[in-house]
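Here the structure comes first, spelled out in structure tokens, and everything after it is commentary.
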Amino acid sequence: MGESKQHGISEEELAGIYTFAIQLGKDSGKLLLDSLHQRRRDAHDINASNVLVDGEHADTNVPEELLMEEKLNAVDIVTKTDNEVEEFIHAAISQRYPSHDFVGEEMYSKGASKEYLVSKKPTWIVDPLDGTVNFTHGFVMFCVSIALVVDQVPVIGVIYAPLLGQLFSACRGKGAWLNETMRLPLLGSIGVGPIPKEAPMKCIFSCEWGKDRRDRPDGNMHRKVDSFVNMASEIGGREGKGGMVHGMRSLGSATLDLAYVAMGSLDIWWEGGCWEWDVAAGLCLVTEAGGLVTTANPPENWETATIEDAKLGGRLYLAIRPASNSLNGETARQGQERCVREVWRRVRTLDYDRPGA
């Protein structure tokens, strides 16, 4: 296989698909904004009409747009908007590229199997609304995520956060971009400097609580919390595992976590439990920006183990921001790998199964 063509997609064709994906992201983001404004209008109308009649509140019908369904538990929700935007994206892709496969979060969630469905064929992987909880609360950290994967590797990624006015995009060999004009990592941000020699100290550590909220002593939530405390604690604390990071951030959107790693605004992102639609576009962004993404779980020989690329469907991710070479002779990659090992030293192994991945 030559570099000019991969599974029937030439570089010229890939460029055309990239342009299509960016416009599709913009159109889908507009749908999200329109839906959000409609939700606010509907909520206002309900409050305005919720008057007392004979000492009791009048009976009002909740508009369909305000209804939410629970998938796993009270924090794993889907709205009417999720489904409508995914249907819009699927229809557009099917019309333009009928031979390509499609994996969408809502379509997948309706199935009975959790098998990994991504083949080596060109496959679109879509999350129509990442940060659904944020969206329902009117918090700005939500987005649409669109990725094209070839040979199970993301080659195009588009992430659009419409309330922030931020469009992230990346294409294999063409770099990663913010709003199509600013190359990532952004010049002047800490992301273009070397990895701090004391890392994870002086780093911003990003993490998510996840949807698994079962209160089990050795469950994933407790393992995450234990790891979070290790990263935040003073140097020397926690039996030597204290990382004394500059700060802890939880955006409520794995997709945007990765976008900000690519930007250089977040130094480290550690997460388990995500699915391929949460990360596919972000993995392309981080890779094209010069970052590193590997597995969240530390190997037994974490000090010497080969640091391999994260598996798209592996549900375990550790991302390190782009970096520059250090004045002491350490290369950017060496600094990133050093940071990986220091994170591995402080975090616990997470248990997220994935058949077929």
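The values are calculated or read from the model by the stated rules, or taken from the named source; none is laboratory data. Note that this is a predicted model, so its numbers are computed, not measured. Cβ sites come from the backbone with ideal geometry, for glycine too, and all protein chains shown count toward neighbours.
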Practice task
For D101, work out the one condition from (1) modelled with pLDDT under 90; (2) touching a Lys or Arg at 6+ places or on another chain (Cβ under 7 Å) it doesn't fulfil.
Solution key: (1)
Exercise for the section: Select, from E180, E208, the only residue that is acidic (D, E) and modelled with pLDDT of 95 or more. Expected result: E180
Exercise for the section: Test each condition in (1) surrounded by fewer than 19 Cβ atoms within 10 Å (Cβ to Cβ); (2) closer than 30 Å to V118 by Cα; (3) of a type in the set (S, T, N, Q); (4) more than 16 Å from the chain's Cα centre (by Cα) for N220 and report the one that comes out false. Expected result: (1)
Exercise for the section: Within segment 297-314, identify whether any single residue is among the charged types (D, E, K, R), closer than 15 Å to I204 by Cα and without any contact (Cβ under 8 Å) to a residue 40 or more places away in the chain, and answer yes or no. Expected result: no
Practice task
Just give me the residues in segment 232-263 being surrounded by 23 or more Cβ atoms within 10 Å (Cβ to Cβ) and touching a Cys at 6+ places or on another chain (Cβ under 7 Å), in sequence order.
Solution key: V245, S253, A254, T255, L256
Exercise for the section: With a cut-off of at least 3 residues that are hydrophobic (A, V, I, L, M, F, W, C) and surrounded by 24 or more Cβ atoms within 10 Å (Cβ to Cβ), name the strands (runs of 3 or more DSSP E) lying wholly within segment 264-357. Expected result: 268-272
Handout entry: Residues (in a helix (DSSP H, G or I) and hydroxyl-bearing (S, T, Y)) located in segment 80-97
Key = T81, S94
Handout entry: Options V118, V140, V144: the member that is within 19 Å of D34 (Cα to Cα), β-branched (V, I, T) and not in a strand (DSSP E or B)
Key = V140
Exercise for the section: Tell me, please, whether a residue that is in contact with a Gly (Cβ under 8 Å, 6 or more places away or on another chain), modelled with pLDDT of 90 or more and of a type outside the set (A, V, I, L, M, F, W, C) can be found in segment 107-117. Expected result: no
Practice task
All but one of (1) crowded, with 16+ Cβ neighbours inside 10 Å; (2) modelled with pLDDT under 85 hold for V51, so report the exception by its number.
Solution key: (1)
Exercise for the section: Pick out, from segment 154-247, the strands (runs of 3 or more DSSP E) lying fully within it that include 2 or more residues that are among the basic types (K, R) and under 22 Å from A259 (Cβ atoms). Expected result: none
